[in-house]
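The values are calculated or read from the model by the stated rules, or taken from the named source; none is laboratory data. Quantities reported herein were computed from a predicted structural model and do not represent experimental measurements. Cβ placement follows ideal geometry from the backbone for every residue including glycine, while neighbour counts extend to all protein chains displayed. Keep in mind that these areas ignore ligands, DNA and RNA; they rest on the heavy atoms of the full protein, side chains included. Shrake-Rupley method; radii C 1.70, N 1.55, O 1.52, S 1.80 Å.
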Amino acid sequence: MLTAPQFSPDGLVAVRSRIAAAARRAGRDPATVRLLAVSKQQPEAAIRVLAAAGQLAFGENYVQESLAKIDALRDLPLAWHFIGQLQANKTREVAERFQWVHTVDRLRIAERLSGQRPHHAPPLEVLIQVKLADEAAKGGVTPAELPALATAVAALPRLNLRGLMCIPPDTATEHEQRRPFRRLRELRDGLNAAGHRLDDLSMGMSNDLEAAILEGATIVRVGTAVFGPRA
């Protein structure tokens, strides 16, 4: 793990530069792409350094690890996004403590999040995770199942369906990387043509954020390039 004396925001600066350059290539305003710093297995001190540099949105994969960080950093105006696979017995903590969930892929999970979202809090911002390849280790709804799930999630009273998310297979070239991101954008646009009003595409990580931005990403989830490799 990184410690405070070893950590600097240089990675954050470099990633912001990459985002801006990719947005310009795509003919987009860089402000339309939001950086989510993936802070799993990273220390609170490093998050504080990034927050001081203006990075206020952080993504976590593991519920128990994240709750300790949220408590320790409650003095900062941070937005917490849950980006891991969510089990039914962990939905209450996520509904109560996070502002976003990127990995909704079952109606049961969505119903639990809606039912457990505190009424004094705003609706939970959610994205549906779509599986674009046959990879058993990754969650996600299939494209064929997506329209029905989107309609059901959008009707839940304590959730605000914002868009779609994907974790595509690793590929070597930008041309190959762009294909699944394009597919996710097309699925989002198809839902909107059917009456939804979805804006967000959560796609792109350290190795492929440029390809994702070229295909319309509005949120890129970056860990290693921001924090450096985990010890």
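Would you pick out the residues in the stretch 60-71 that are surrounded by 14 or more Cβ atoms within 10 Å (Cβ to Cβ) and under 24 Å from His120 (Cβ atoms)?
Glu60, Val63, Ser66, Leu67, Lys69, Ile70
Quickly run through the stretch 147-184 and pick out the residues that are more than 22 Å from Arg106 (Cβ to Cβ) and crowded, with 18+ Cβ neighbours inside 10 Å.
Across the stretch 147-184, the qualifying residues are Gln177, Arg178, Phe181.
Please work out which residue is surrounded by the fewest Cβ atoms within 10 Å (Cβ to Cβ), limiting yourself to the stretch 23-58 and to residues that are in a helix (DSSP H, G or I) and touching a strand residue (DSSP E or B) at 6+ places or on another chain (Cβ under 8 Å).
Narrowing the stretch 23-58 to residues in a helix (DSSP H, G or I): 23-25, 30-32, 44-52.
Add one more test, that the residue is touching a strand residue (DSSP E or B) at 6+ places or on another chain (Cβ under 8 Å), and what stays is 47, 50.
Details: Ile47: 22, Leu50: 24.
It comes out as Ile47.
In the set Ala194, Ala217, which member is open to solvent by 30 Å² or more (accessible area, probe 1.4 Å) and of a type outside the set (D, E, K, R)?
Details: Ala217 fails: open to solvent by 30 Å² or more (accessible area, probe 1.4 Å).
Criteria check complete, one pass: Ala194.
Being open to solvent by 50 Å² or more (accessible area, probe 1.4 Å) and either on the phi < 0 side of the Ramachandran plot or in contact with a Cys (Cβ under 9 Å, 6 or more places away or on another chain) (or both) is the requirement here; does Ala20 meet it?
Working: open to solvent by 50 Å² or more (accessible area, probe 1.4 Å): no; either on the phi < 0 side of the Ramachandran plot or in contact with a Cys (Cβ under 9 Å, 6 or more places away or on another chain) (or both): yes.
In short, no.
Identify, please: which residue in the stretch 72-88 is touching a strand residue (DSSP E or B) at 6+ places or on another chain (Cβ under 7 Å) and of a type in the set (Gly, Ala, Ser) and is, among those, surrounded by the fewest Cβ atoms within 10 Å (Cβ to Cβ)? Show your work before the answer.
So the first thing to find is which residues in the stretch 72-88 are touching a strand residue (DSSP E or B) at 6+ places or on another chain (Cβ under 7 Å), and the list is 78-86.
When the remaining residues are screened for being of a type in the set (Gly, Ala, Ser), the result is 79, 84.
Values: Ala79: 14, Gly84: 19.
In this case the residue turns out to be Ala79.
Conditions (1) at pLDDT below 95; (2) surrounded by 13 or more Cβ atoms within 10 Å (Cβ to Cβ); (3) within 17 Å of the chain's Cα centre (by Cα); (4) in a helix (DSSP H, G or I), marked per residue:
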| residue | (1), (2), (3), (4) |
| --- | --- |
| Lys90 | no, yes, no, yes |
| Ala95 | no, yes, yes, yes |
| Arg108 | no, no, no, yes |
| Pro118 | no, no, no, no |
| Ile128 | no, yes, yes, no |
| Lys138 | yes, yes, yes, no |
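Residues are listed down the side, and each one gets a yes or a no for (1) modelled with pLDDT of 95 or more; (2) in contact with a His (Cβ under 6 Å, 6 or more places away or on another chain); (3) part of a loop (DSSP other than H, G, I, E, B); (4) not hydrophobic (A, V, I, L, M, F, W, C):
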{"position": "Ala172", "(1), (2), (3), (4)": "no, no, yes, no"}
{"position": "Pro180", "(1), (2), (3), (4)": "yes, no, no, yes"}
{"position": "Leu184", "(1), (2), (3), (4)": "yes, no, no, no"}
{"position": "Gly190", "(1), (2), (3), (4)": "yes, no, no, yes"}
{"position": "His196", "(1), (2), (3), (4)": "yes, no, yes, yes"}
{"position": "Ser206", "(1), (2), (3), (4)": "yes, no, yes, yes"}
